Amino acid sequence: MMVAPRHGESRPNNLDLTPDAAFAARQRTVLRDLSDSARLWRLCWSLAWLDIRLRYRGSMLGPFWLTLSTAVMVASMGVVYALLFRMNLHEYLPFLALSLVLWGFLSQLVGDGCGTFTDVEGMIRSVRMPFTLYAARIVLRNLLVLAHNLVVIVAVYVLMALWPGLRAVLSLPGMALWLVDAFAICVLLGPLCARFRDIPPIVSSIVQIAFFLSAVIWKPGQLESHEWLLTFNPFFTLLEVVRAPLLGEFPSLWVWISALLWSAALWCAAWLLFARVRGRIAFWV
Amino acid sequence: MQRAAEAPPAATIDAEHVSVDFPLYHSSARSLKRAVFSTVSGGRVAADANRRVVVQALRDVSLSLRSGDRLGLIGGNGAGKTTLLRTLAGIYEPQAGRVRVRGSLNALLDPNLGMNPELTGRENIMLRGLYDGLTRSAIRRLEEDVAAFADLGEFMDLPVRVYSSGMVVRLGFGLATAIRPQVLLMDEWFLAGDASFMDKARARLEDMVRGADILVLSTHVPGVVLDWCTRVIWLDQGRVRADGPAEAVLSEYLGHPVSRTPPA
């Protein structure tokens, strides 16, 4: 018995490929790429889930190794930096746990985003798939990792008998912004890193520098009168729109404005670049 | 299952004046420095940076295939056979011209077919089904079908990495031939190794090829072409050198007359 293609069951494959010279035609191709990916959400989910399962196949704790290593890092850094900064552990540890987990998501995502297409070279060259599918897979995979690390945050909050209150709900719009940004980062860095092989090391050093500049391990208030400078740092403002509500604070309006402006710039750049080079990606990987 | 009765529209392939250029980025051309310099300085460095090697893999290729066509692509190494298959599959997009394909399509290009050796046989089958956009029940049928063909037993739930090479071949082959497309694009490796395949593999492949509306097969084994194809295109350095009935083009290509052996 063979699985015969049933009309409407197998992926419809009606190709009409021409070099898209016109601007409008390119935008339509991007939209089609996106809608094709959306239709393959089950594949996307399976790929992301298998990525995690594969990494920890055969290990006892499985993906909870992620949780454990984050917990160890938070505990050790928490003690050292609370001493260095002469801060109350009760106040500092929740801040650090949140910062490290959220930053971990961000930096891992940017790193993975560089390989959005180069890591799946074999797949790209053997079957036609919407390219944004690979970007969505990376976002989903990193969300799963984040979900495992949330356990650490919950544990710290319970340990410190903290309750962020209803304000924590305000981190949800920030999280939504993150998701769209994360997708845009993969769509932007994927083709760039496929074409120019020296971009990944550049990106990783930028992220490393940003870690120290973006109030991840130190508190923004420690800058005292210079705190306003942080408003121009996209890494900081994006971190803050999710982190502050979870600490029971309101991010300032300027932080939100900066986060939105940087995000809008990122989306535009990602969209325009992708629309322009989509047809070339298969030749670059 | 009602839909199964409704026949899909006949498959077609139309390629009009298709050209595909392949940029070869060696280490320096990929460098960001070069690209930045070329925009900043204009002139000489730009000329340098643009001196990247571009292989014109396909030049002005036109072909049109209708239901029932069996096309063989012949030509030496680097003639553009695989590039043409990839272009028809929509993997490479043409820089000039137009490619239109109607009908479900399966391209057998890569011997491993994107199999992940770390995943179990069952997971690989599931992923393939998902790539093809199959429903849950269709994936279950796919799994049964491939399992029956590949005869893996309890190895189905072990990573492909631990399979014997024979098992990997059986799984890959069973998987590749399980989904019947209207348009079948095939690279020669798939038929070349027929000596090592069992009879049931050959029967399965023949069944799939017969079931396809359109076959495009790339090979340089003349016997394979005569067995499977009615029409042949001879590609030479990315151009169509000859296009016509299998025997005629093959005779021209080989430089001596050939004739179809009577079917066994």
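Bear in mind these aren't lab numbers, they're just calculated from the coordinates by the rules spelled out. Small disclaimer: the values here were computed from a predicted structure and weren't measured. Note that each Cβ is placed from the backbone with ideal geometry, even for glycine, and that neighbours are counted across all protein chains shown.
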Pull up all non-local amide H partners of B:Ser62: gap of 5 or more, or a different chain, and H-to-H distance under 5 Å with H placed in the peptide plane. B:His17, B:Val18
At 222 nm, what value in deg cm²/dmol follows for chain A if DSSP H runs of at least 4 each add -39500 (n - 2.57) and the sum is divided by all its residues, to the nearest 500? -23000 deg cm²/dmol
Note, segment B:134-143: 3J(HN,Hα) by Karplus (6.51, -1.76, 1.60, θ = phi - 60°), whole Hz, Gly/Pro = x, goes 6, 7, 4, 6, 5, 5, 5, 5, 4, 5
B:Gln56 and A:Ser35 label points (each 7 Å along its Cα→Cβ direction) are spaced in nm at 3.7
The alpha-carbon pair-distance distribution computed for the protein assembly as shown, with 10 angstrom bins and whole-percent values, is 3, 15, 23, 23, 17, 11, 6, 2, 0, 0
Could you list B:Glu206, B:Glu247, B:Glu188 so that the one with the fewest beta carbons within 10 Å of its beta carbon is first and the one with the most is last? B:Glu206, B:Glu247, B:Glu188
Can you give me the span-like helices of chain A, meaning DSSP H runs with 27 Å or more of Cα extent along the axis and Kyte-Doolittle mean at or above 1.6? A:64-84, A:132-159, A:253-277
Give me the mean projected area, in nm² to one decimal, of the convex hull enclosing the Cα positions of segment B:76-178. 8.2
Students often check this: by mean Cβ neighbours within 10 Å, which of A:58-64, A:25-31 ranks highest, and how do the rest follow? A:25-31, A:58-64
Roughly how big is the protein assembly as shown's charge dipole about its Cα centre, with Cβ charges of +1 (Lys, Arg) and -1 (Asp, Glu), in debye to the nearest 20? 520
Exposure proxy check: B:Met156, B:Met115 ranked by fewest other beta carbons within 10 Å? B:Met156, B:Met115
Net lengthening on full extension, A:Ala264/A:Val80 (0.36 nm per residue, minus Cα-Cα): 62.5 nm
Quick one: Karplus J couplings for segment B:168-174, per residue in order, coefficients 6.51, -1.76, 1.60, θ = phi - 60°, nearest Hz, x for Gly and Pro? 4, 4, 4, 5, x, 5, x
Per residue of segment B:55-60, in order, report the coupling 6.51 cos²θ - 1.76 cosθ + 1.60 (Karplus, θ = phi - 60°) as ³J(HN,Hα) in whole Hz, putting x for Gly and Pro. 8, 7, 6, 9, 10, 6
Return the long-range amide H neighbours of B:Thr120 (sequence gap of 5 or more, or a different chain), with a cut-off of under 5 Å between placed amide H atoms. B:Val160
So, with points 7 Å from each Cα along the Cβ direction, the A:Ser59-B:Arg98 label distance in nm works out to 5.3
Exposure proxy check on B:Thr83, A:Thr118: fewest-to-most Cβ neighbours within 10 Å is A:Thr118, B:Thr83
Counting every Cα pair in segment A:60-115, what percent are over 19 Å apart? 40
Using only the Cα atoms of segment A:52-187, construct the convex hull and provide its projected area averaged over every direction, in square nanometres to one decimal. 10.0
Relative contact order of chain A, please, whole-number percent, based on alpha carbon pairs below 8 angstrom and at least 6 residues apart. 25
Which residues' amide hydrogens lie under 5 Å from the amide hydrogen of B:Ala242, considering only partners 5 or more residues apart or on another chain, with H built in the peptide plane? B:Trp234
Debye, to nearest 20: dipole size of chain A, +1 on Lys, Arg Cβ, -1 on Asp, Glu Cβ: 880
Using the charge dipole of the protein assembly as shown (Lys, Arg: +1 at Cβ; Asp, Glu: -1 at Cβ; taken about the Cα centre), state which of A:Pro63, B:Gly75, A:Leu239 has its Cα farthest towards the positive end. A:Leu239
